[in-house]
Ligand code: C5P
């Protein structure tokens with residue numbers, strides 16, 4: 001194991017953000033979490049992480065990118081927590097790392113940015129430190145860090161059950177073109193789940209819409225657009241009513257479907273193809289809504305090595 005590696009060795013990992021194509025939630029459990037049945041899709045919005053050796057017990061992080069000022073670089077950062085957890089689990093007290101994170105996944109945007117960074121750190125540090133950590137071990141460590149971390153390790157299109165941390169692949173054909181409307185304001189996930197509990201609207205059960213799964217198997221973008229569903233959306237809209245207009249504008253501009261991504265406030269619109277996505281992005285930009293309009297595609301892989 002470990003250390004006679006060149007001091008200047010760098011391990012680079014890219015992790016992707018996600019959209020929830022379907023999210024069904026049960027009531028709050030005694031541990032504070034909600035039982036979910038959700039279909040994740042990893043999309044082409046990325047955080048890149050570089051990991052280098054540091055002195056034993058030394059763990060530090062630098063964050064760059066447009067929203068870097070919103071991301072804590074201290075021990076509360078999920079990437080640092082992931083590195084420390086992996087080091088602890090390895091039992092080797094000689095480990096340390098210096099992490100350099102370049103963010104483009106929206107911060108507190110409902111796209112699992114923090115979880116993606118944790119997934120990236122687990123993978124990067126296990127390679128940097130030359131640990132014998134298998135994929136299942138990484139998934140288990142990831143689940144301990146956050147409900148979305150296991151999906152961020154696997155990527156693609158997948159069903160998440162339990163807290164969303166038990167992952168099974170979903171058959172999906174083709175590539176989907178999305179237009180994201182990023183929001184000015186953050187929307188913390190716990191606050192959205194709290195509002196969800198307050199609203200306690202008609203419960204749909206933990207059933208993933210069968211028509212959504214059939215649309216994915218068939219590569220049917222129109223069918224997928226119709227079947228997008230998110231039990232957290234009424235809660236997110238109640239906390240951020242301005243998102244209703246975003247959804248309405250995307251609909252008027254001919255999106256196949258629109259949905260608040262996870263707990264929001266990012267809104268994701270599905271387009272029929274790349275050309276329609278460009279037109280939709282131009283239309284949404286012209287309307288001047290949101291902080292930024294971004295075109296992405298999915299599915300893409302989860303956390304992966306770049307070198
Ligand atoms: O696991 P993670 O730290 O990403 O979750 C953030 C918060 O989101 C939790 O503290 C909880 O309030 C809420 N959550 C939930 N049920 C889930 C996933 C997340 O209530 N299945």
### Query
Which order do peptides 223-235, 145-157 fall in by mean Cβ count within 10 Å, highest first?
145-157, 223-235
### Query
Relative to the longest principal Cα axis of the chain, at what angle does helix 113-128 sit, 0 to 90 degrees, rounded to 10?
30 degrees
### Task
Note down the relative contact order for region 14-163 as a percent, whole number, built from C-alpha pairs under 8 angstrom at least six residues apart.
32 percent
### Summary
For region 175-261, the Debye formula with one identical point scatterer on each Cα and no solvent gives log10 I(q)/I(0) at q = 0.17, 0.26 Å⁻¹ as -0.84, -1.30
### Task
Write down the radius of gyration of region 122-235 and its Dmax, each obtained from C-alpha positions, in Å.
17.0, 50
### Task
For region 81-125, evaluate the Debye formula with one uniform point scatterer on each Cα (no solvent term) and list log10 I(q)/I(0) at q = 0.20, 0.29, 0.30 Å⁻¹, rounded to two decimals.
-0.66, -1.06, -1.10
### Query
Looking only at 187, 199, 86, which one moves most when the chain is put into a Gaussian network model with springs between Cα atoms under 10 Å?
199
### Kirkwood hydrodynamic radius of the chain, from inverse mean 1/r over distinct Cα pairs, in Å
19.6 Å
### Query
Pairing the Cα long axis of helix 189-199 with the longest principal axis of the chain, what angle in degrees results, from 0 to 90 and rounded to the nearest 10?
40 degrees
### Message
Over 5 Å intervals from 0, what percent of Cα-Cα pairs in region 151-300 sits in each interval?
### Response
2, 9, 17, 21, 21, 18, 10, 2, 0
### Message
Please rank 19, 278, 259, 289, fewest neighbouring Cβ atoms within 10 Å first, as an exposure proxy.
### Response
278, 289, 259, 19
### Query
How much FRET efficiency would the formula 1/(1 + (r/R0)^6) give for residue 68 and residue 278, where r is the Cβ-Cβ distance and R0 is 22 Å, rounded to 0.05?
0.15
### Query
How large is Rg/Rh for region 118-183, to two decimals, with Cα atoms and a Kirkwood Rh?
1.05
### Message
Please list the three semi-axes, largest first and in whole Å, of the ellipsoid equivalent to region 14-67, using sqrt of 5 times the eigenvalues of its alpha carbon gyration tensor.
### Response
32, 19, 10
### Message
To test your reading of the geometry: what angle, between 0 and 90 degrees and rounded to tens, separates the Cα axis of helix 242-252 from the longest principal axis of the chain?
### Response
60 degrees
### Query
Taking the alpha carbon gyration tensor of region 49-184, what are the square roots of 5 times its eigenvalues, largest first, to the nearest whole Å?
25, 20, 12
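Since every read-out is calculated from the coordinates, none of them should be taken as a lab result. Model, not experiment: these values are computed from the prediction. As a convention, Cβ positions derive from the backbone with ideal geometry for all residues, glycine included, and neighbour counts pool all protein chains shown.
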